[in-house]
1. Could you run through region 184-203 and say how many residues are in contact with a His (Cβ under 7 Å, 6 or more places away or on another chain) and surrounded by 15 or more Cβ atoms within 10 Å (Cβ to Cβ)?
2. Specify the residue that is least open to solvent (accessible area, probe 1.4 Å); the eligible residues are those in region 108-117 that are without any contact (Cβ under 8 Å) to a residue 60 or more places away in the chain and in contact with a strand residue (DSSP E or B) (Cβ under 8 Å, 6 or more places away or on another chain).
3. Within region 118-177, work out how many residues are assigned to a helix (DSSP H, G or I) and either open to solvent by 20 Å² or more (accessible area, probe 1.4 Å) or basic (Lys, Arg) (or both).
4. List the pairs whose first member sits in region 194-211 and is on the phi > 0 side of the Ramachandran plot, whose second member is of a type in the set (S, T, N, Q), and whose Cβ atoms are under 9 Å apart, counting only residues at least 6 apart or on separate chains?
5. From the set of residues in region 21-61 that are part of a helix (DSSP H, G or I) and more than 25 Å from GLY112 (Cβ to Cβ), which is modelled with the lowest pLDDT?
Amino acid sequence: SETAASAEALVALLPGAAARLFGPVTGAATDAAAPRYQLPEAARSFAVFDLGPSGVTDEVARNLTQILSTEIKKVEGTTVIGRADIAAMLQLERQKDVLGCADDLACMAEIGGALGVDRLVAGQVGLLDTTYIISLQLIDPRQARVDNRVSESFRGEPEQLIRAVRQAARRLLGLTVEQVGTLAVSANQPQALVFVDEVERGALPLPPVADLSPGRHALRLTADGFFDWQSDVYVDPGETSAVWASLTERPLAWWQQWWVWTIAGAVVLGAGSLTIWAVTTTPRGAGVVTAEGF
């Protein structure tokens, strides 16, 4: 499985993906630099079920399931099978009737036993108001029990879901990550101040913020005349996470609005005209009054 920012970039990754499909690639500098993990126990084979969507589209859930599988494959010596393999072997649409299992956990345990895998991974991805939530379960099919549950939630842009799923996968498997990550920040306001976890990092343009622990961080940008931009962002180990912030301009105060000064000017002119009329118009027989300076 490969991920890329565009279709054109994905094309360049296909040859390497095909090579890995038929066997491990050795001697590649990119493989040596990529983070590799080791599990704390001897679970080496996984069946990954499609993440259930709630408030997000089915396509988003399927794509995130692929990201989840890819992250688990980074563990040394693991094998991962996905929904396509499971469906082909057990016809998932009729799994409960065929297997006669009482509930979802028992049913997945039956599937895991039939597939001969050590662990099952299942979960959901959803959007509640402005918060994205990813929940995962690690199931032991032999014991029909849930070994671990994790939940990852954040407020931010949808593209952060990719890194959030990776973080949730690492937490689910209890993986220890020693590598740090880097965060590159840019915005539509070049002089905005950057705060990471409420620590000021300087004004843009800013070099990438290095030595950040993998996982979620709070990012905030401020600029005069603009609303603060805030978002949760994720940093992957050994990688640079890029974030673009679009700050929204604050509306002018009422006394700064053009129409206020237009009305004020009209009132002043009107008052001047009334004054001239008042001093030049006199009662009959009262003589002539002149007003100088108007």
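1. Number satisfying all stated conditions: 1.
2. By that ranking, first place goes to ALA109.
3. 6
4. Every condition considered, the pairs that remain are ASP211/THR182.
5. Checked region 21-61; the qualifying residue modelled with the lowest pLDDT is ALA29.
The values are calculated or read from the model by the stated rules, or taken from the named source; none is laboratory data. This one's a predicted model, so the numbers in the text were calculated from it and none came from an experiment. Backbone-built Cβ (ideal geometry, glycine too); neighbour counts: all protein chains shown. For accessibility, only protein heavy atoms count, side chains too; no ligands or nucleic acids. Shrake-Rupley method; radii C 1.70, N 1.55, O 1.52, S 1.80 Å.
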